[in-house]
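The values are calculated or read from the model by the stated rules, or taken from the named source; none is laboratory data. The structure presented is a predicted model; accordingly, all values stated were derived computationally and were not measured. When we count neighbours, we look across all protein chains shown, and the Cβ atoms used for this are built from the backbone with ideal geometry, even at glycine. For accessibility, only protein heavy atoms count, side chains too; no ligands or nucleic acids. Shrake-Rupley method; radii C 1.70, N 1.55, O 1.52, S 1.80 Å.
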Amino acid sequence: MLDMCAAASPLRIGVLGSGSGSNLQSIQDAIEAGTLNARIVCVLTDVPDAGILARAARHNLSAAYLDPAPFQTKLDGEAEQRYLSELDRQGAEWIVLAGFMRIVKPGLLRHFHGRVLNVHPALLPAFPGLAAWRQALDYGAKVAGCTVHFVDEGTDTGPILLQRSVPIREEDSPESLHVRIQEEEHQAYPEALRLVADGRVQVEGRRVRILPPCGNCC
Ligand code: GRF
């Protein structure tokens, strides 16, 4: 059982992303609005010109491209060491995967045991893997959504912290559905991190319990 007590000091977050960084943006916006007691201590990407770097720069966040070689689709071996060293150097305590398009391996998961989160654009366990919004549409589902979950060694299989649903409309294209799912992600990720920062998340096996707000500090 992982039981987190409320911390007065801000949650120190390292963000890993490969894309435009809209989820990073939503988290940083919540921090700047004073609704999330956290600090993004570094942003790391495996894509040299990823939009997430420009967003980080606009908010004066420490950000870097780190060479993801030697593997194509996973973060392992020497690359994992590079990422771990930088996350440690910056004092990251929690890892937020925000559109990071590589599988993180056991080394990083062990190092940050129980403190790695991901957002997935579907209501897990339905539609794990790539382009989940398209999978939901092609399947004929009536409801899609997003999931913030702890990361384990499987693909999109870790304990679920929070989900938000999105109705699928008759006229939806993959693109229009993805836009609405992302709007929900931008609410869900800051909300999930707020629960963690406020010490309200308790993990027991696969079950994640959300504790009531503490009268003194939340
Ligand atoms: C999000 O839609 C997320 O669900 C998926 O990758 C996308 C990242 O988008 N894992 P952004 O880079 O945060 O804009």
For Cys218, which of the numbered conditions (1) under 21 Å from Ala131 (Cα atoms); (2) modelled with pLDDT under 95 fails to hold? (1)
Determine which single condition Asp67 fails, assuming it passes every other condition in (1) modelled with pLDDT under 95; (2) of a type in the set (D, E, K, R); (3) buried (at least 16 other Cβ atoms within 10 Å of the Cβ). (3)
Which condition breaks for Ser176 when tested against (1) open to solvent by less than 60 Å² (accessible area, probe 1.4 Å); (2) under 14 Å from Leu123 (Cα atoms)? (2)
So for the range 93-106 (the condition being away from the ligand (no atom under 16 Å from the Cβ), open to solvent by 70 Å² or more (accessible area, probe 1.4 Å) and out of contact with any helix residue (DSSP H, G or I) (no Cβ under 7 Å at 6 or more places or on another chain)), does at least one residue qualify? yes
When restricted to Arg115, Arg194, the only residue more than 14 Å from the ligand (Cβ to nearest atom) and touching a Phe, Trp or Tyr at 6+ places or on another chain (Cβ under 6 Å) is Arg115
Identify, by number, the condition in (1) within 14 Å of the ligand (Cβ to nearest atom); (2) under 14 Å from the mean Cα position of the chain (by Cα); (3) open to solvent by less than 20 Å² (accessible area, probe 1.4 Å) that Gly145 doesn't meet. (2)
Any chance the range 52-60 includes a residue that's within 13 Å of the ligand (Cβ to nearest atom), buried (at least 18 other Cβ atoms within 10 Å of the Cβ) and closer than 17 Å to Asn118 by Cβ? yes
Looking only at strands (runs of 3 or more DSSP E) that fall completely inside the range 49-164, which ones have 1 or more residues that are touching a Lys or Arg at 6+ places or on another chain (Cβ under 7 Å)? 94-97, 143-150
A careful count of residues in the range 148-162 that are within 15 Å of the ligand (Cβ to nearest atom) and either surrounded by fewer than 17 Cβ atoms within 10 Å (Cβ to Cβ) or farther than 27 Å from Arg206 by Cα (or both) gives 2
Name the single residue that is most open to solvent (accessible area, probe 1.4 Å) among those in the range 33-48 being within 17 Å of Ala79 (Cα to Cα) and aliphatic (A, V, I, L, M). Val47
